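Chemist: Just passing along the structure, written as structure tokens.
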Amino acid sequence: MYLLPAFLAARIVFGYYPSWQAGQESFAWDLLTHVAVFDVSVSSTGTLSGTSFWRSSQVGALIAEAHQHQVKVVLTVTNFDATSMHALLSSQAARQAATDALTQEGLGMQPGDGIDVDFEGLAMADRDAFTSWVAALTQAVHARKPSAEVSLAMPAVDWSHAYDVAGLAAASDLLMIMGYDYHWRTSAPGPVAPLSTGPPWSSRDVESTVADYTSALGAAGLAKLVLGMPLYGYDYPSTSAVAGASATGAATAVVYRSARVQAQQYGRQWDQASQTPWYVYQSGGAWHQVWYDDEQSLGLKIDLALREGLGGIGLWALGYEDGSFWEVVRAKWMSTGQPDGGVVPAPDAGADATPPPPSGGSGMQGGCAAAPASRPDGPVSLLFVLVLLYGRRARSS
């Protein structure tokens, strides 16, 4: 047994664990506090589907191991269809069915520790109904298991004004801001999670997103905000090697660990405007631009979360990273606890083995959070590993 330093004990790391990463994940138990198993789907009538992975012996063993390290495991429920969400939220019977099913599935079928709700593409007409349902779900989850939690995936930019930030913060335990997909699979090439912005990029960036949320909640609500960050990027076929060029087709997803290796082969570049890395290469005479995040750019985003007093940071997804990411988190956490306390240098060009071909092969599947390549057009997307500033107890070593 050992006690974590006070500043480290105050931080929670919540990581999304998609089913297709089973066997490829890397659990940094000394940093993780939550694992979100992704995912089950809820229908317009409140019934659940896709429960086999959650109910598997593999997840059962994961929960047992997580609990040995005092790490919570929660179940993520998804719905990405506006029509289905409207039908669900418009029916009191369907909402109650969903509440009952999720409470039983997440806390009864496995000894889980809560529910994570990922509803994307919500219509403004369903704003109040969604907030009301989340409040009812949270009440039911807390009644079943007082230590359990309900968290929500929130958009980087709420174009339709469908998410009542203050109301949802009051109705749940945590809001995870999906701070990525500012450029997406079918957009022009560009930074996936620009910390800042400037020509040739749009006016939206992670800093402005965080400002929107902190303004909506005020100082009292900051502890419930988690800044989501991507452990993936996009490989865009492009008209040239110049930043701001047009795409010649849809991008493919590339995960953190692969992008870092490929950048060493093709020449990592730094975009000062967005404070993110990128690289270019040619294949069959055609240019490709790859925009991604690495330990340096993610370290800057961790600094932002610390500087703004947020609950923490979020990452999508466990198994996409390599050890360099956890080194950054550990460096930041083991610093004085102040922003910029753990300086992260640019990656060492000689640190990794021979890179694979630049196919973008990420192994991602499914839709939205499951696979960035399948997300809807727009910056509203999922995230997650969540890293929060929260209280925690001593852990077992």
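The values are calculated or read from the model by the stated rules, or taken from the named source; none is laboratory data. The structure presented is a predicted model; accordingly, all values stated were derived computationally and were not measured. With ideal geometry, Cβ positions are generated from the backbone for all residues, glycine too; neighbour counts draw on all protein chains shown.
Chemist: Assuming S202 fulfils every condition listed in (1) over 15 Å from the mean Cα position of the chain (by Cα); (2) farther than 30 Å from V280 by Cβ apart from one, which condition is it?
Modeler: (2)
Chemist: Would it be correct to say that I302 is hydrophobic (A, V, I, L, M, F, W, C), part of a strand (DSSP E or B) and either in contact (Cβ under 8 Å) with a residue 60 or more places away in the chain or crowded, with 23+ Cβ neighbours inside 10 Å (or both)?
Modeler: It is false that I302 is hydrophobic (A, V, I, L, M, F, W, C), part of a strand (DSSP E or B) and either in contact (Cβ under 8 Å) with a residue 60 or more places away in the chain or crowded, with 23+ Cβ neighbours inside 10 Å (or both).
Chemist: Then there is this: Out of segment 307-327, which residues are closer than 24 Å to A211 by Cβ and buried (at least 22 other Cβ atoms within 10 Å of the Cβ)?
Modeler: Hits for segment 307-327 are L310, G311, G312, I313, G314, L315, W316.
Chemist: In the list D271, D294, which residue meets the criterion of being at negative phi, among the charged types (D, E, K, R) and in contact (Cβ under 8 Å) with a residue 60 or more places away in the chain?
Modeler: Matching residue, one of D271, D294: D271.
Chemist: Kindly check whether there is at least one residue in segment 260-277 that is of a type in the set (G, A, S), touching a Pro at 6+ places or on another chain (Cβ under 9 Å), part of a loop (DSSP other than H, G, I, E, B) and surrounded by 22 or more Cβ atoms within 10 Å (Cβ to Cβ).
Modeler: For segment 260-277, residues of a type in the set (G, A, S), touching a Pro at 6+ places or on another chain (Cβ under 9 Å), part of a loop (DSSP other than H, G, I, E, B) and surrounded by 22 or more Cβ atoms within 10 Å (Cβ to Cβ): present.
Chemist: Would you call Y256 at pLDDT 95 or above, buried (at least 22 other Cβ atoms within 10 Å of the Cβ) and not charged (D, E, K, R)?
Modeler: yes
Chemist: Given the condition within 22 Å of T197 (Cα to Cα), over 20 Å from the mean Cα position of the chain (by Cα) and among the hydrophobic types (A, V, I, L, M, F, W, C), answer yes or no: does some residue in segment 247-258 qualify?
Modeler: Checked segment 247-258: at least one residue is within 22 Å of T197 (Cα to Cα), over 20 Å from the mean Cα position of the chain (by Cα) and among the hydrophobic types (A, V, I, L, M, F, W, C).
Chemist: So which of S187, S151 ends up being modelled with pLDDT of 95 or more and either farther than 24 Å from Q269 by Cα or buried (at least 20 other Cβ atoms within 10 Å of the Cβ) (or both)?
Modeler: Step by step, each of S187, S151 is checked, and only S151 is modelled with pLDDT of 95 or more and either farther than 24 Å from Q269 by Cα or buried (at least 20 other Cβ atoms within 10 Å of the Cβ) (or both).
Chemist: Also, I was wondering about something else. Of the residues in segment 192-246, how many are among the β-branched types (V, I, T), touching a strand residue (DSSP E or B) at 6+ places or on another chain (Cβ under 8 Å) and either surrounded by 23 or more Cβ atoms within 10 Å (Cβ to Cβ) or closer than 30 Å to W326 by Cβ (or both)?
Modeler: Total meeting the criteria: 6.
Chemist: Among the residues of segment 111-131, are any closer than 22 Å to V71 by Cα and surrounded by fewer than 21 Cβ atoms within 10 Å (Cβ to Cβ)?
Modeler: yes
Chemist: Residues of segment 39-50 being touching a residue at least 12 places away in the same chain (Cβ under 8 Å) and either assigned to a strand (DSSP E or B) or of a type in the set (V, I, T) (or both), which ones?
Modeler: Residues satisfying the conditions are D39, V40, S41, V42, T45, T47, L48.
Chemist: What are the pairs, 6+ residues apart or on separate chains, where a residue within segment 1-28 that is basic (K, R) has its Cβ under 8 Å from a residue that is at pLDDT 70 or above and not in a strand (DSSP E or B)?
Modeler: Listed pairs, sorted by first residue: R11/T33; R11/W333.
Chemist: List the strands (runs of 3 or more DSSP E) inside segment 166-253, counting only whole elements, that have at least 3 residues being among the aliphatic types (A, V, I, L, M) and in contact with a helix residue (DSSP H, G or I) (Cβ under 7 Å, 6 or more places away or on another chain).
Modeler: Per the criteria, 174-177, 225-230.
Chemist: If you don't mind, there's one more thing I want to ask. Could you grab me the full set of residues in segment 14-52 that are modelled with pLDDT of 90 or more and β-branched (V, I, T)?
Modeler: V35, V37, V40, V42, T45, T47, T51
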